[in-house]
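What follows is one structure encoded as structure tokens, with my remarks underneath.
Read-outs throughout are calculated quantities, based only on the coordinates presented, and are distinct from any laboratory measurement. Not measured: the values here are computed from a predicted model. Because the Cβ atoms are built from the backbone with ideal geometry, glycine has one as well, and the counts that use them run over all protein chains shown.
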Amino acid sequence: MDWAPEVMTGDGLLTNALAQYPEDVHYLDEFLALDPFSHAIEKTPYGKKATKVFRALFETRNSTYPATGFEGMAILITAMNRCHNPAESECINASLHNTVDFEGIMGRISISPNGKALRPLIINRIQGNKLEFVVKVY
């Protein structure tokens, strides 16, 4: 791709800038931002359902944080449901660390035995207070 980005940031930069400094967001134009989501990629069936529920409940659209929360809660509930006693923390922890191919909003998520989530990441470009899709990385 012949990339030479001068600035790459993590998710949340645009959300925080919009919340705290909306008049200065134009300074972020062309920044590249790692994110677990993009509006330009087709959602999974779970992602479509989660988006529909969110939009029915909330008006805000300027953050990917709620999507991360939806996925996290769904993964936790699934892990708890795999336990004989869903309130047993050791079982929940072991179940979380054995999550394989969970259907998230944009694709499959696995959690390794060391607790790290394995999922595709999206690189977006900040442009005019929006995130524009660049590439999905596995």
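When only DSSP loop residues count, what GluC sites (Glu not before Pro) in region 73-126 have their Cβ near at most 13 other Cβ atoms within 10 Å? Let's see the in-between values first.
On the way: sites: E88, E90, E103; in loops: E88.
Of the GluC sites (Glu not before Pro), the ones in loops of region 73-126 whose Cβ has at most 13 other Cβ atoms within 10 Å are E88.
Quick one: work out the % antiparallel among DSSP beta bridges in region 8-137, nearest 5.
Antiparallel bridges make up about 90 percent of those DSSP assigns within region 8-137.
Straight-line cross-link partners of K52 among the lysines, defined as a Cα under 24 Å from its Cα and at least 8 positions apart when in the same chain: K43, K130, K136.
Name the shape class, rounded, prolate or oblate, that the alpha-carbon gyration tensor gives for region 8-137, where a ≥ b ≥ c are the square roots of its eigenvalues, rounded holds for a/c under 1.5, and otherwise prolate holds if a/b is larger than b/c and oblate otherwise. It would help to have the intermediate numbers written out before the result.
Details: a/c = 2.21, a/b = 1.94, b/c = 1.14.
In terms of gyration-tensor shape, prolate.
Given a Förster radius of 41 Å and the C-beta distance between I41 and E6 as r, what FRET efficiency does 1/(1 + (r/R0)^6) yield to the nearest 0.05? Working from the Cβ atoms, E equals 0.95.
The phi-based Karplus calculation (6.51 cos²θ - 1.76 cosθ + 1.60; θ = phi - 60°) puts the 3J(HN,Hα) values of region 85-92 at 10, x, 9, 8, 4, 5, 5, 4 Hz, whole numbers, x for Gly and Pro.
A DSSP coil position with no more than 15 other Cβ atoms inside 10 Å describes the following chymotrypsin sites (Phe, Trp or Tyr not before Pro) in region 39-118: F58.
Against the chain, whose longest principal axis comes from its Cα atoms, helix 65-81 is set at around 10 degrees. Summing +1 for each Lys or Arg and -1 for each Asp or Glu among the other residues whose beta-carbon sits under 13 angstrom from that of D29 gives -2.
Between V53, V25, V100, the GNM of the chain built on Cα springs shorter than 10 angstrom shows V53 fluctuating the most.
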